[in-house]
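Any read-out appearing in this document is the output of simple, stated calculations on the displayed coordinates, not a laboratory observation. From a predicted model like this one, the values you see are computed outputs, not experimental measurements. Cβ: placed from backbone, ideal geometry, glycine included. Neighbour counts: every protein chain shown.
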Amino acid sequence: MRALMKCGVTSMLCLAAIFAVAACGHDVERAKAASGTSTGTTASLANGAQTSAEQARPASATGGFDGAAAYDYTAKLVSFGPRPPASDAIRRTQDYIHTELQGFGCQVDEHDFHASTPVGDLGMKNIVAKIPGTGRGVILLLTHYDTLRMDNFVGAVDGGSSSGLMLEMARILCGEKKQQPNSVWIAFLDGEEALVDWNKDNDNTYGSREMAASLANSGDLKRVRAVVLADMVGPKNVKIRRDSYSTPWLTSLVWKTAGRLGYQDIFVSGETGVEDDHQPFLARKVPAVDIIDLADYQAAGYWHTTQDTMDKVSARSLGIVGDVILETVSELQQKFH
Ligand SMILES: [Zn+2]
């Protein structure tokens, strides 16, 4: 994705504002961790990369969403190594995602397509877990699972964290016995990253453009009530800013939900503009929101570098963002029942 800072005023003031928010948030997070009853899983503890402040709160404290499990799925995805489109590693990743989704009891659709890119014609694959609803409406959740085409880039936060989160989301939603009014589709998208240059020749968002176009062709796009995209949701001290491109009512719903759950210090009031997988849907007039922490990760120097590694990922952050998205889905089910 690509960021367009929209703090207004000057870029120096903008950076100062970001650092001020980050500094305040840190103390709040430590206070919460100290008062919490966080345990984490054996698997996460065995990993050894997390400090005590970054263990997930128990799933019961995050609406049933298990941040430690999301962390473990992320670690597994990252263990495949760099996962650019059409690589051996991304094929192993696709097999893993598909197998996990089937294990959760999800109906799984695979959509293979060819993308014309600056490095040639590449085979790509979107994988969609489908939870049927009683009505025609669809709530569409998105993540990209490909990683930037760069030597030794493993995309722990960028590509890994949101996909680990969506695997945990699928585990929960595919396991629910009671049917909801709207179907929920969870799409694991290929080809979000530019192969060469994001700004040239539409060299970006191949998977989401393909999905939006094919849903428009089949007529199913009209059924989609809302698109919720997660991207870069796992860094420590995560701070999610409002994305200025996203649909205002849907952004408000997510931030209101986060506020109700007590996460005002994480879903903060600042605004950035991020070009990402939600845009092909926005362009087709489908309401969409991007949940992303790009600004701090970029400022720390980790974004699109070989330092985007598992030690930057927090099970606690994954648990909190997962809680908010799970609750947002529930709000959307009520809104469109
Ligand atoms: Zn990226």
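Here are some notes:
- Long-range Cα-Cα pairs in region 2-335 (distance over 25 Å), rounded percent: 46
- Of all DSSP beta bridges in region 2-335, antiparallel share, percent nearest 5: 50
- Point-charge dipole on Cβ atoms (K/R +1, D/E -1) for the chain, about Cα centre, debye to 20: 1080
- Global form of region 255-318, assessed from the alpha-carbon gyration tensor, a/c cut-off 1.5: oblate
- Gaussian network model of the chain, springs between alpha carbon atoms under 10 Å - residue of Leu77, Leu140, Leu122 with greatest fluctuation: Leu122
- Near Trp249: Cβ cut-off under 15 Å, other residues only, Lys/Arg at +1 and Asp/Glu at -1. The net charge is +2.
- Ranked by how many other beta carbons lie within 10 Å on average, peptides 209-217, 190-198, 234-242 from highest: 234-242, 190-198, 209-217
- Globularity index of region 120-182, i.e. its alpha-carbon radius of gyration over 2.2 N^0.38 Å: 1.43
- In terms of overall dimensions, the C-alpha atoms belonging to region 97-149 reach 43, 25, 17 Å along their principal axes, ordered largest to smallest.
- Length-normalised contact order for the chain - Cα pairs under 8 Å, 6+ apart - percent: 25
- Cβ-derived FRET efficiency at R0 30 Å, Gln334 paired with Lys285, nearest 0.05: 0.85
- Straight Cα distances below 23 angstrom link Lys177 to the lysines Lys130, Lys335, with same-chain residues fewer than 8 positions distant left out.
- Peptide packing for 319-328, 279-288 was compared via the average number of neighbouring C-beta atoms within 10 Å per residue; ordered from the highest value, the list is 319-328, 279-288.
- Relative to one another, the C-alpha centroids of region 108-181 and region 192-209 are positioned 17 Å apart.
- Burial ordering of Trp303, Trp185, Trp249, fewest other beta-carbon atoms within 10 Å first: Trp249, Trp303, Trp185
- Three-way shape call for region 173-317 based on the alpha-carbon gyration tensor, with the a/c threshold at 1.5: oblate
- Listed by number, the DSSP H helices of the chain that run 15 Å or longer by alpha-carbon position along their axis and have mean Kyte hydropathy of at least 0.5 are 11-35, 162-174.
- Contact order normalised by residue count of region 242-337, Cα under 8 Å, 6+ apart, percent: 34
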